[in-house]
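Below you'll find the structure, written out as structure tokens, and then a few comments.
Computed from the coordinates by the stated procedures, all read-outs in this text should not be read as laboratory data. All figures in this text were calculated on a predicted structure; none of them were measured in a lab. In this analysis, Cβ positions are derived from the backbone assuming ideal geometry, glycine residues included, and neighbour counts consider all displayed protein chains.
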Amino acid sequence: QVHLVETGGGLVQAGGSLRLSCAASGRTFSIYGMGWFRQAPGKTREFVAAITRSGNIPYYADSVKGRFTVSRDNAKNTVFLQMSSLKPEDTASYYCAASGSRDSVRLDYYGADYWGKGTLVTVSS
């Protein structure tokens, strides 16, 4: 069993910054690529960013490229999402996700095997 727990969500002013964390526990040896999805109220879930376990290779959605940075600490089984220049349209529940079969950043293509329950990020205008 793999458990993912997100922390760091909250209320922030437009233009501000916020850092999300996702800690994995359980059978962490089976975790490869890790990343983030988000879902705004009334909208479908969308891919945000991901990173490989080996080599720390990142991959971003066009909507966040240049503003968000994804990183990970394999020793602590944790992935991070540093968000800057936040916009009201970034408001959403952010979900941590991980692949148990491929060390790939393409979680948007292959899908994820493990999911956190989400943390809410609200950006005020």
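Among Val48, Ala92, Gly33, pick out the residue whose Cα is farthest towards the positive end of the charge dipole of the stretch 1-97, where Lys and Arg carry +1 and Asp and Glu carry -1 on C-beta, about the Cα centre.
With unit charges placed on the Cβ atoms, the residue in question is Gly33.
If I model a spin label at Ser101 and Ser124 as a point 7 Å from the Cα along the Cα→Cβ vector, what separation in nanometres do I get?
4.5 nm
Taking K and R as +1 and D and E as -1, what net charge do the other residues with C-beta under 13 Å from the C-beta of Asn77 add up to? Please report the intermediate quantities before stating the final value.
Working: positive: Arg27, Arg53, Arg72, Lys76; negative: Asp73.
Neighbourhood net charge equals +3.
Would you check the chain for Lys pairs whose C-alpha atoms are within less than 20 Å, ignoring same-chain pairs closer than 8 in sequence, and give me the count? Provide the component values of the computation, followed by the final result.
Working: Lys43/Lys87; Lys43/Lys117; Lys65/Lys87; Lys76/Lys117.
So the count works out to 4.
Among Ala49, Ala112, Ala97, which one shows the highest mean-square fluctuation when the chain is modelled as a Gaussian network with alpha-carbon springs under 10 Å?
Result for the chain, Cα springs under 10 Å: Ala112 fluctuates most.
Quick one: if the Förster radius is 25 Å, what FRET efficiency do Phe29 and Asp108 give, using the C-beta to C-beta distance and rounding to 0.05? Intermediate values should be presented prior to the final figure.
Details: r = 24 Å, r/R0 = 0.97.
The calculated FRET efficiency here is 0.55.
Roughly how many nanometres apart are two label points built 7 Å out from the Cα toward the Cβ at Gln1 and Ser17?
Calculated label separation equals 3.7 nm.
Specify which residue in the list Gly66, Cys22, Gly111 is farthest towards the positive end of the charge dipole of the chain, using unit charges on the beta carbon of Lys, Arg (+1) and Asp, Glu (-1), about the Cα centre.
Of the options given, the answer is Cys22.
Hey, got the dipole for the chain? About the Cα centre, +1 on K and R Cβ, -1 on D and E Cβ, debye to the nearest 20? Don't skip to the end; give the middle numbers.
On the way: 14 positive and 9 negative charges, 22 e Å.
That gives a dipole near 100 debye.
Any chance you could get the radius of gyration and Dmax over the Cα atoms of the chain, in Å?
13.4, 42
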